Amino acid sequence: MVEGNNQNTEEVKKSLNFIEVIVEKDLAEGKNNGKIQTRFPPEPNGYLHIGHAKAICMDFGIAQKYGGVCNLRFDDTNPVKEDVEYVDSIMEDIQWLGYQWGNVYYASDYFQQLWDFAVRLIKDGKAYIDEQSAEEIAKQKGTPTEPGKHSPFRDRPIEESLSLFEKMNTGEIAEGAMVLRAKIDMAASNMHFRDPIIYRVINHPHHRTGTIWKAYPMYDFAHGESDYFEGVTHSICTLEFVVHRPLYDWFIDELKTQRPEDGEYRPHQYEFNRLGLTYTVMSKRKLLQLVQEGLVRGWDDPRMPTICGYRRRGYTPTSIHNFIDKIGYTKYDGTIDVALLEHSIREDLNAKAKRVSAVLDPVKLILTNYPEGQVEMMEAINNPEDESMGSHEIAFSRELFIEREDFMEDAPKKFFRMTPGQEVRLKNAYIVKCTGCKKDENGNISEIYAEYDPATRSGMPESDRKVKGTLHWVSVEHSIPAEVRLYDRLFMVENPGDEKDKDFRELLNPDSLKILTNCRVEKELENVKVLDSFQFQRLGYFNVDPDTTPSKLVFNRTVPLKDSWSKIANK
RNA sequence: UGUCCCAUGGUGUAAUGGUAGCACACCUGAUUUUGGUUCAGCUUGCCUAGGUUCGAAUCCUGGUGGGACAACCA
């Protein structure tokens, strides 16, 4: 490279994803008068999951980056599946991720306009009422390799279709008795062009419009038109809608013939790849099944890949953003290793989380040469990554708890922790040497004995002595009980992507939740707030669960420290 | 015997006709009062066969492989 080009090389140039490239090109060409408008269009039939987070970051991110607006639109065209409960949770999760929509719209806001458009299509001879059963229609549709056949109702008089369409909406027509179909091409290679159904009868109250409507538009008919009514310029969705795009464009063409005043304006659909994560499922249908069958504790169970599940588990909005940023947007359907998600939250929490002491599986350690009744306050750094977070004090005494797995009577060479004759450091306190242990009748360790070296208190010159291991501990007298919930990353024991037809429930890991009730934590944690995150020394990152009551502290493990996972998980 | 989309280390993603780079994962070493963090380093890749070109991951053609489409779901 030529000298003097340092400026460019110093800048961290982040490449654009392919949608951003399109947007920048549209902007450069002055399309839609330079307007950028997107929308996030969930159906309110379930809670948002991490895959939606990817779409949210795209839809809101594009608007934010290019000075446009992103609206929230509930795609509520099927009252049977939808509920206000979901509307509320969706709004909460989007805001938790840090985004704010321009407006909240509902597809149901456009029911009248859609109806009028459908009537016009009938009048133009481009739609007709079909009275066949679902089975008959499916049969005539053909297959991807064989053309379909015309419905016997395809060429019925326009007036007849018009009056039947009216009846579809008055309650006179039973569900399934008739549908409105667009008249396009039964031989089209794209199945969606084979006279798609655009209206059907549903006798179920709608969560917003009640019982006003009986005839409801289908997705393909409602989506593009809703985009159009709102002024969406870039309608971004996932790859499975690629085959719908020609139909999306077809309806918009039809709409535009009646709206010359809109000029060049037209929404375009673009598609990116869905997010697949190892060891979990992402489809709303399956997540709903987990909830309904009681296989998890709810939509916000920390094992769920839902946004609220991750929130409860202790994931931060920042970590989710960083994760989405890392995985990118392409047209290739891959599966992302959950390790990348875990890395993102460790990265964030490492910088932010306060370090505190806890013992998950306590065993008593008695310092035989430490004066009975003596208590010393030890200084504990709150976060070695961030000096400004300061420090707090932790009480030290003759009787302590340490982690059961930190002691071994006959230890292999590589064991750096407590074993008879070996010196270890008690973090923030003294170097101690194990002298032995006591066992109960079953051979289980009940007490461990050690002698401390008074000259090695942290901060004193002797404390510089090299010892291999450093243990976390809490004082028996000065610690408080807590409950800890360990959630395994391997929610599914196999990656469900590998097992095509297998019932995913068979893959559920029965040990995906482990509840530890004997844990002890330092007093510092007495007045912590719900969802606050901590690093329990060497045990990983934890947060305070919303289930916590004044009498019982409950922690969720967000994610273990990097290497200790297998050691702890295998226990 | 269809239409459409896709193919870069183990995983995900850059490079848009000019030295295949980044992150995760893995492994090694150094530092460390967390077996964490940090730092340094190592290993691993353009599906295939042709064509265009001085030059192809990139453009073209044929293969191969994967995915989507046959809901009165979205």
task: Evaluate the stretch A:355-363: report whether one residue or more is closer than 30 Å to A:Thr318 by Cβ and modelled with pLDDT under 95.
output: no
- request: Go through (1) within 16 Å of RNA strand B (Cβ to nearest atom); (2) at pLDDT 95 or above one by one and return the number of the condition A:Gly231 breaks.
  value: (1)
- request: Please specify each residue of the stretch A:33-53 satisfying the condition of being closer than 25 Å to A:Asp325 by Cα and assigned to a helix (DSSP H, G or I).
  value: A:Ile50, A:Gly51, A:His52, A:Ala53
- prompt: Based on what the data block shows, is A:Ile158 among the aliphatic types (A, V, I, L, M) and either within 9 Å of RNA strand B (Cβ to nearest atom) or surrounded by fewer than 16 Cβ atoms within 10 Å (Cβ to Cβ) (or both)?
  reply: yes
message: Six or more apart or on different chains, Cβ atoms under 8 Å: show the pairs whose first residue is in the stretch A:28-44 and free of Cβ contacts under 8 Å to residues at least 12 places away in the same chain and whose second is away from RNA strand B (no atom under 16 Å from the Cβ) and not in a helix (DSSP H, G or I).
response: none
message: I want to confirm something. Restricting to the stretch A:364-399 and keeping residues that are in a strand (DSSP E or B) and within 12 Å of RNA strand B (Cβ to nearest atom), which single residue is nearest to A:Tyr452 (Cα to Cα)?
response: A:Phe396
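Residue-by-condition table, conditions (1) within 22 Å of A:Gly540 (Cα to Cα); (2) free of Cβ contacts under 8 Å to residues at least 24 places away in the same chain; (3) hydroxyl-bearing (Ser, Thr, Tyr):
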position	(1), (2), (3)
A:Cys308	yes, no, no
A:Asn322	yes, no, no
A:Asp333	no, no, no
A:Val338	yes, no, no
A:Asp348	yes, no, no
A:Ala353	yes, no, no
A:Tyr370	no, no, yes
A:Gly390	yes, yes, no
task: Could you check how many residues of the stretch A:430-476 are at pLDDT below 95, surrounded by 14 or more Cβ atoms within 10 Å (Cβ to Cβ) and not in a loop (DSSP other than H, G, I, E, B)?
output: 1
query: Mind checking whether some residue in the stretch A:88-109 is β-branched (Val, Ile, Thr), surrounded by 16 or more Cβ atoms within 10 Å (Cβ to Cβ), touching a Ser or Thr at 6+ places or on another chain (Cβ under 9 Å) and part of a helix (DSSP H, G or I)?
result: no
query: Among the numbered criteria (1) more than 30 Å from A:Asn190 (Cα to Cα); (2) touching a helix residue (DSSP H, G or I) at 6+ places or on another chain (Cβ under 8 Å); (3) surrounded by fewer than 16 Cβ atoms within 10 Å (Cβ to Cβ), which single criterion is violated by A:Glu85?
result: (2)
Of all residues in the stretch A:346-397 being among the hydroxyl-bearing types (Ser, Thr, Tyr) and surrounded by 16 or more Cβ atoms within 10 Å (Cβ to Cβ), the one that is farthest from A:Thr456 (Cα to Cα): A:Ser357
field: Test set (1) more than 9 Å from RNA strand B (Cβ to nearest atom); (2) modelled with pLDDT of 95 or more; (3) within 45 Å of the chain's Cα centre (by Cα); (4) not β-branched (Val, Ile, Thr) - A:Met492 fails condition number
entry: (2)
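The values are calculated or read from the model by the stated rules, or taken from the named source; none is laboratory data. Note that the structure is predicted; figures quoted are calculated from it, not measured. Neighbour counts run over all protein chains shown; Cβ positions are idealised from the backbone, glycine included.
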